[in-house]
């Protein structure tokens with residue numbers, strides 16, 4: 001188990017037997033003997049091995065190290081690529097939807113402005129002696145008053161939003 005762990009951790013760190021031997025101040029044959037189970041490092045050397053390989057001694061002694069297979073890594077990277085493509089597509093779709101919503105909002109505001117301009121505040125000539133007519137006239141006036149003050153701000157903000165979204169669209 002120790003021999004397998006030393007070998008798999010060394011390989012996972014990208015070290016050759018010669019490089020590990022140099023770092024531990026031993027000959028390459030010593031590393032080879034450890035990895036083939038022909039000899040065992042003493043406790044001081046085991047601590048040095050764990051420091052060089054940046055691995056706890058407990059891992060060297062008992063925990064099995066599973067090397068990731070290249071097929072697993074390739075499969076994982078393909079899945080991550082698919083997820084990234086899906087996120088990118090969703091982001092593009094959201095931008096397009098927002099873009100068209102803002103355009104629709106601008107069109108609706110312009111249409112309401114045109115309708116209000118054509119109607120030319122007809123409620124001003126109504127007879128307000130009837131309570132229902134009075135309520136309807138006040139509601140219509142309140143809508144026109146609010147719309148005349150808020151619509152330009154909304155229209156300008158929507159136009160800026162359309163411009164910014166269009167700049168970031170592919």
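Points worth noting:
- Members of segment 4-21 that are farther than 19 Å from residue 61 by Cβ and surrounded by 14 or more Cβ atoms within 10 Å (Cβ to Cβ): 15, 17, 19, 21
- Exactly one residue out of 74, 79, 96 is over 30 Å from residue 2 (Cβ atoms), under 34 Å from the mean Cα position of the chain (by Cα) and in contact (Cβ under 8 Å) with a residue 12 or more places away in the chain, and it is 96.
- Residue 31 vs. criteria surrounded by fewer than 15 Cβ atoms within 10 Å (Cβ to Cβ), free of Cβ contacts under 8 Å to residues at least 60 places away in the same chain and part of a helix (DSSP H, G or I): no
- Hits in segment 14-51 (condition: under 37 Å from the mean Cα position of the chain (by Cα) and under 19 Å from residue 1 (Cβ atoms)): 50
Matching residues to (1) in contact with a strand residue (DSSP E or B) (Cβ under 9 Å, 6 or more places away or on another chain); (2) at pLDDT 85 or above; (3) under 14 Å from residue 24 (Cβ atoms):
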{"position": "51", "(1), (2), (3)": "no, yes, yes"}
{"position": "58", "(1), (2), (3)": "no, no, no"}
{"position": "64", "(1), (2), (3)": "no, no, no"}
{"position": "74", "(1), (2), (3)": "no, no, no"}
{"position": "91", "(1), (2), (3)": "no, yes, no"}
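- Options 117, 139, 158, 134; residue that is in a helix (DSSP H, G or I), without any contact (Cβ under 8 Å) to a residue 12 or more places away in the chain, out of contact with any strand residue (DSSP E or B) (no Cβ under 6 Å at 6 or more places or on another chain) and surrounded by 13 or more Cβ atoms within 10 Å (Cβ to Cβ): 134
The values are calculated or read from the model by the stated rules, or taken from the named source; none is laboratory data. Every value quoted in this text rests on a predicted model; they were computed, and no experiment measured them. Please note: Cβ atoms are built from the backbone with ideal geometry, for glycine as well, and neighbour counts cover all protein chains shown.
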